[in-house]
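Scroll down for the structure; my scribbles are underneath it.
Throughout, read-outs are computed from the coordinates displayed, never taken from laboratory work. In this text, all values refer to a predicted model and were calculated from it rather than measured experimentally. Counting neighbours? That spans all protein chains shown, and the Cβs are built from the backbone with ideal geometry, glycine included.
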Amino acid sequence: MPYSVARRRRPTGRIAVNVLADGLISGLAAPVARFLAAPHDGLLHPLWFIMGGSITLLVSGLPFRIPQQYWRFSGVADLRGIAAASVAGSALFSLMIFLTGFPLPSPTFPLIYALVLLVGLGGGRLLTRVYGTMRQQAQGQKVRVLLAGSDLSADLFMRALERASDRHYNVLGLVTRSPGQQGRRLHGVPILGVANDLSDVLARMGQDDALPDSVIVTDPEWRGSQLSVVLDAGQAHGIAVQRAPSLTSLTPAEEIQMRPIALEDLLNRPEVPLDREGMARLIQGQVVLVTGAGGTIGSELVRQVAQFGPSQLLLLDHGEFALWQIDLEMSERYPTVPRQVIVANIRDADRIEEVFAVHKPALVFHAAALKHVPIVEANPCEGVLTNVIGTRIVADAAIRHMASAMVLISSDKAVNPSSIMGASKRCAEIYCQALAVAAEARGSAFRCVTVRFGNVLGSTGSVVPLFRRQLEQGGPLTVTHPDMTRYFMTVPEAVGLVLQASVRGTALRNRTDETDMRLQQGGIFVLDMGEPVRILGLAKQMIRLAGLKPDEDVAIRFTGLRPGEKLYEELFHGREAPVPTDAPGLKMATPRMIDLTAAAALLQELERVSHRDEVEQALIVMKELVPEFAHNPLGEVRRLQAGEAGSRDRAPTSENDGSVS
């Protein structure tokens, strides 16, 4: 039965029902006992005989609290009270008969009446308990739930429950967004309040011993801070929070399987409208090459590009297993899209030249890179040869073989870099900027588009898979520093915006348009990453999502910054202001750039010293290319100074734990 905070069933109502039932049973017990004691006297009895039996039992039962008994949960203690009340009621009734001058039906009447009372009163309670147990078994152990969502989504969920083959859920109430709906009922279920007051609603339910077993979020649109409120309230009361499945796709015979809240649901990011028509014009019927196709970003690029019908899709990677995985997936999801698996290293100029000469790709997405900061710190020249020289080799081959565009996937670590990985990505940006400006100057149709963004949830080597693995092992979760923050975005969202930037960057519309002018001057697209997320808050939220308590069930340990790391990543250099573009979800940076000839000469020198593994010389050349490179090989904590770089995106303050919201 739905629980209502406003109206509760009063105990006096249940007591009145008990008194009525006990009185009826004892009244019927009197003539039954008289018939058993003296069968020859017949079945007709005066009315006072029946009323006397009821009254004496009710009076004698008061000391033993018979009216207050809960029939459905009667036990041995209740049976003792019933036995005592039966004996007392029989004695009192027999005394009343004697005092009124009527003879007892037989000397054994008091004993027989006491036994009949015991059987009647105890049997009624036993049958009530057995019936309740059988009904519960027939219905199964129902999970008591509280729904959180819009009235429409709650209506869909409850209708699905009625149709489902398993009816394991008992809906106690509903919380919605609108305060005006409180007090109303939906399918007989009371609306108890709004989601922001969920903690108070649960507290009131707890006072009446009516807490739900779980809270189910029925609205698929509830994300970010709104979802965090529900999670926090559930955590405070020790109640699991789950999300309902897509109800419109369920058939009546299917079970309704709840799923846990995904970490991605907590990112408070509005959906960005994508120019899918522009993407189709860019990709359809074209030969498209994706380098690093086996990686997190590269494989998602392959998936999304395949949706727009390229004439051929080239999957290039130097890792055989990663290539096999994405190729197998493509064969299952997009079997009609022609594709070619290419094992190649982007540092091998001859092999890349052969690939471009044979396949003639028109569009190149360059996602291949070494991205793990500590590993690149430990292997600096390898990182330089892959991230810088490999990018130059691919870009030069694209120009020689008349590709229409190349899209470079860059990183927020390229801004004011403190790591070799970040500095190498900035060097790659600089070369692609110089190529773009040079192509524009000579009237070439070639476009070189650079897209910069932060971390993606679940990418290889990122913190989220690490936390998940540590949780599976029981902890502790390792966080480098309590103030560490990063920008996060889901993989599909990031790749969708990369394609959006590709469309905008390859289709110059108006030479007087601000976005076009900045592109002609080497502008770099920067994805709108939202607010930075505190890694400590991310760790705590992942522990909560696992149904555990931070610092109680799972410990969090601080390990210190790793070589090359920064506390705060930045999307824009201190001297460059973030400029909005006419494409949703995209901003633009116009960082310092150098002439193509000078850039090519420095990269040639950087390649020479890197092949010789001359780390110090490589750092000197990189410093010349990227003057803002402040190497942090020891992982020292370097904080932004007050008033520094006003356009930099700041971390959350220490007033909260930076939970994902």
Radius of gyration, Dmax [region 276-625; alpha carbons; angstrom]: 20.0, 64
Rg in Å to one decimal, and Dmax rounded to a whole Å, for region 186-232 via C-alpha atoms: 11.4, 31
Straight-distance crosslink candidates among lysines, where the alpha carbon sits under 16 Å from LYS549 and sequence neighbours closer than 8 are dropped: LYS540
Cα centroid separation, region 173-218 to region 517-554 (Å): 31 Å
Distance cut-off 15 Å, percentage of C-alpha pairs in region 299-342 lying past it: 31 percent
When region 433-533 is reduced to its Cα atoms, the Kirkwood hydrodynamic radius in Å: 16.1 Å
FRET efficiency estimate (nearest 0.05) - Cβ-Cβ, VAL272 to GLU614, R0 35 angstrom: 0.20
Å³ per residue enclosed by the Cα convex hull of region 342-382: 80 Å³
Rounded if a/c under 1.5, otherwise prolate or oblate - region 384-454, Cα gyration tensor axes: prolate
Amide H partners (placed H, <5 Å) of VAL217, local residues excluded: ALA148, GLN242, ARG243, ALA244
Partners for LYS413 among lysines (Cα-Cα distance below 20 Å; same-chain residues under 8 apart left out): LYS371, LYS425, LYS566, LYS587, LYS623
Whole-Hz couplings from phi, Karplus 6.51/-1.76/1.60, listed for region 87-101; x for Gly and Pro: 5, 5, x, 5, 4, 5, 5, 5, 4, 5, 5, 5, 5, 7, x
